[in-house]
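Engineer: Got a structure here, written out as structure tokens. Questions coming.
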2 protein chains.
Amino acid sequence: MEEQREMSFRETTLNGFVSQLSTKAPVPGGGGASALVGAVGAALGCMVGSLTVGKKRYAAVEPEIRALMDRSLALQDELLALIDGDAEAFAPLAAAYALPSATEEEKAHKAEVMAVVLRDACDVPMKIMDACCRALELTKVFAEKGSVIAVSDAGVSAALCTAALKGASLNVYINTKAMADRALAQTLNAQADAMLAEYVPLGEEIFALVRAKLNK
Amino acid sequence: MEEQREMSFRETTLNGFVSQLSTKAPVPGGGGASALVGAVGAALGCMVGSLTVGKKRYAAVEPEIRALMDRSLALQDELLALIDGDAEAFAPLAAAYALPSATEEEKAHKAEVMAVVLRDACDVPMKIMDACCRALELTKVFAEKGSVIAVSDAGVSAALCTAALKGASLNVYINTKAMADRALAQTLNAQADAMLAEYVPLGEEIFALVRAKLNK
């Protein structure tokens, strides 16, 4: 536990992260990768804002853009922290799966522990999904009101935040699938489904808008 | 130029990369971000392979999976290198845009330089697109034949590689838009269009397949 807290993926290099991701090491995995891509996508939206503020042409939207940039920076930080959060939720999950289940007593204990760790393991990708939805809302405004010289970056931001949202959803579904409490599993699945249903089309709409502008 | 070659984004931390991306610094931008996400997506496919080899249950596919993992590692390395490649193509482009164009002579010189640097600036995102297409081909096999315990990671891989492909395409389109040679611009656009038309549906198909497996 101590060791895990000391290790922070945020401080690894791009080379190191990609390299470790490709191995069978349990972390990072799809959840952490989604969180990173969400952070990268949010940062690209923020970059559009950075290229907008301080320009006469965009003086009218500057206060709004500055406020969105602050929210974006907070989301980037949250998503980077969730890379580690995802890794920290994995150890108890792996330990629970490894619990013995020979006797009725062991089975009951294992079921109890599994219920707790699966809920925690869903919580992280759910937070990643939520942060990606917020990032997409910001990207929409950056794409519409931000500097035209960075419009392609707003489009990339939309594509990346959408993919991170979709990637994180799979990490919700794989954990709800293993839950004994089917009512809870269905509630969580419905929450994830609802975020996908609303925000994947938004991300695709922003991307299509940018592509159309560039192909004009 | 010297300074640029010394700086390698592959060696920056995740924190540092995301932080610099969010600023108005010209690099990294949407091209480099797409290359990183392609590398992360490819690495997740490779992770599925890593969790497959050495298992009795998957002995029959092991030689094929091992060969795909080697190709994946090469793609990851190529995509990480393209983060720096994208950054290196930016400086000459920015310098060309800043050339004077008051006299006819200056205009002719600027047009000549622009033609060269725009072609180079398209070349990098085209390579990123191509590598993402190759990565998606690998991910398809990892998803179909790889260990079921890592199926969600194959789905995340598909989502990320698809987004990286789409993101890189915008960096082709923004540069072809500025080209004076419209025939060349249309040829490059057609190449990018063709990659999107073939591989975005493939990525979405893999993702949908994984999601369906998890929601069963």
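Engineer: For a quick check of your reading: which helices (runs of 4 or more DSSP H) sit entirely within region B:1-78 and have at least 2 residues that are within 8 Å of chain A (Cβ to nearest Cβ)?
Structural biologist: B:14-21, B:30-50
Engineer: Could you figure out which of (1) under 30 Å from B:Tyr97 (Cβ atoms); (2) in a helix (DSSP H, G or I); (3) more than 13 Å from chain A (Cβ to nearest Cβ); (4) in contact (Cβ under 8 Å) with a residue 60 or more places away in the chain isn't true of B:Leu165?
Structural biologist: That leaves (3) as the condition not met.
Engineer: Any idea which of (1) more than 20 Å from B:Ala33 (Cβ to Cβ); (2) surrounded by 20 or more Cβ atoms within 10 Å (Cβ to Cβ) is the one A:Gly203 doesn't satisfy?
Structural biologist: (1)
Engineer: How many of the residues in region A:168-194 are part of a helix (DSSP H, G or I) and over 15 Å from A:Ser34 (Cα atoms)?
Structural biologist: 15
Engineer: Let me ask something else about it. Tell me which of these B:Leu196 doesn't satisfy, since it passes every other one: (1) farther than 22 Å from B:Gly29 by Cα; (2) within 13 Å of another protein chain (Cβ to nearest Cβ); (3) of a type outside the set (S, T, N, Q).
Structural biologist: (1)
Engineer: Moving to a separate point now. Does B:Ala121 fit the bill of being modelled with pLDDT under 95 and crowded, with 22+ Cβ neighbours inside 10 Å? So that I can check it myself, show each step before the final result.
Structural biologist: Working: modelled with pLDDT under 95: yes; crowded, with 22+ Cβ neighbours inside 10 Å: yes.
Judged against the criteria, B:Ala121 is a match.
Engineer: Considering region A:122-154 alone, what residues qualify as being of a type in the set (D, E, K, R) and farther than 24 Å from B:Tyr97 by Cβ?
Structural biologist: Correct list: A:Asp123, A:Lys127, A:Asp130, A:Arg134, A:Glu137, A:Lys140, A:Glu144.
Engineer: Count, please, the residues in region B:168-184 that happen to be at the interface with chain A (Cβ under 9 Å from one of its Cβ atoms) and small (Gly, Ala, Ser).
Structural biologist: The number of residues fulfilling the criteria is 2.
Engineer: Conditions first: (1) of a type outside the set (A, V, I, L, M); (2) farther than 30 Å from B:Gly155 by Cβ; (3) assigned to a helix (DSSP H, G or I); (4) facing chain A (nearest Cβ under 10 Å). B:Glu106 passes all but one, so which condition is the exception?
Structural biologist: It fails just one condition, (4).
The values are calculated or read from the model by the stated rules, or taken from the named source; none is laboratory data. Predicted model, so just to flag it, every value in this text is computed and none were measured. All Cβ positions, glycine included, derive from the backbone under ideal geometry; neighbour counts span all protein chains shown.
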